[in-house]
Amino acid sequence: MRNIIFIAPPAAGKGTVSDYLVKNYNYIHLSTGDLLREEIKSGSTLGQEIDKIISGGNLVSDELIIKLVEDKLNTLDKNKPFILDGFPRTLVQTEKLEEMLITLGVTNNLVVYLDINLEDATKRVIGRIVCPKCKRSYNLYDEKVKPLKDNTCDDCIIELEKRSDDNEETFKVRFNSYLENTSPIINYYKDKGLLLSVDAMSGLDNMLEVIVKEAKND
Ligand code: AMP
């Protein structure tokens with residue numbers, strides 16, 4: 001399977017698609033948002049700074065996130081495909097990622113763009129709850145990704161949590177930051193012929209089918 005790099009606005013379904021690929025195709029899921037939230041939970045000074053940035057809906061610095069991703073990529077099991085979820089989010093990160101992948105000799109990559117508009121994404125964010133342990137993402141208003149038991153992770157059987165930045169006000173800032181910083185990346189990968197564009201509102205089964213088919217095409 002090819003490695004997958006997700007380019008998508010918040011709440012487009014990256015987490016849900018990633019969960020499926022991890023369970024069914026042995027992918028390693030590398031989510032920069034999860035890595036940053038772990039740092040916040042650790043209570044470190046860096047974590048406190050990151051918390052302020054994320055809570056405001058803004059992006060952390062390129063320097064910080066590049067270091068974080070570089071360290072992680074260097075320790076990955078090379079026999080497994082990986083998913084990059086949440087990185088790159090700026091053109092600087094995109095160019096740096098390209099360098100990192102060349103250095104690591106990783107060439108078999110697919111860039112998946114999940115397309116969703118602000119209105120649909122906001123609806124999803126309002127119902128989103130996540131497992132603090134395995135990070136699986138659920139949605140209260142979508143039968144297909146609803147937890148089996150109210151507010152409980154199907155796998156870990158612990159209480160699900162709402163993310164502090166999943167409120168309407170912060171979400172608008174995050175979505176606008178995406179439009180400003182991340183959408184130029186789409187053209188970057190389109191020009192390289194690496195981009196698979198998927199309608200994030202076409203239903204989970206359809207999204208998975210399209211993505212798996214292309215990811216298998218190595
Ligand atoms: P996510 O879980 O991907 O929605 O990320 C949550 C938050 O973490 C984002 O709103 C940003 O504040 C921060 N973040 C995650 N990935 C990046 C990145 N590649 N560059 C800058 N900030 C990031």
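The values are calculated or read from the model by the stated rules, or taken from the named source; none is laboratory data. Keep in mind that this is a model prediction, so the values were computed, not measured. Because the Cβ atoms are built from the backbone with ideal geometry, glycine has one as well, and the counts that use them run over all protein chains shown. Side chains are part of the model used for accessible areas, which takes the heavy atoms of the whole protein and leaves out ligands, DNA and RNA. Shrake-Rupley method; radii C 1.70, N 1.55, O 1.52, S 1.80 Å.
Observations, loosely collected:
- Residue within the stretch 117-127 that is open to solvent by 20 Å² or more (accessible area, probe 1.4 Å), more than 15 Å from the ligand (Cβ to nearest atom), at pLDDT 95 or above and closer than 30 Å to residue 149 by Cα present: no
- From 7, 102, residue being β-branched (Val, Ile, Thr), open to solvent by 40 Å² or more (accessible area, probe 1.4 Å) and on the phi < 0 side of the Ramachandran plot: 102
- Residue list for the stretch 161-190, filter: outside any helix (DSSP H, G or I), basic (Lys, Arg) and open to solvent by 50 Å² or more (accessible area, probe 1.4 Å): 162
- Residue within the stretch 137-152 that is within 26 Å of residue 80 (Cβ to Cβ) and either of a type in the set (Lys, Arg) or at pLDDT 95 or above (or both) present: no
- Residue count for the stretch 80-94 under the criterion of being surrounded by 15 or more Cβ atoms within 10 Å (Cβ to Cβ) and of a type in the set (D, E, K, R): the result is 2.
- Condition check for residue 15 on (1) open to solvent by 40 Å² or more (accessible area, probe 1.4 Å); (2) modelled with pLDDT under 95: one failure, at (1).
- Among the residues of the stretch 47-106, the one identified as within 8 Å of the ligand (Cβ to nearest atom) and more than 19 Å from residue 174 (Cα to Cα) is 69.
- Once the stretch 28-79 is narrowed to residues that are of a type in the set (S, T, N, Q) and under 18 Å from residue 104 (Cβ atoms), the residue that is surrounded by the most Cβ atoms within 10 Å (Cβ to Cβ) is 32.
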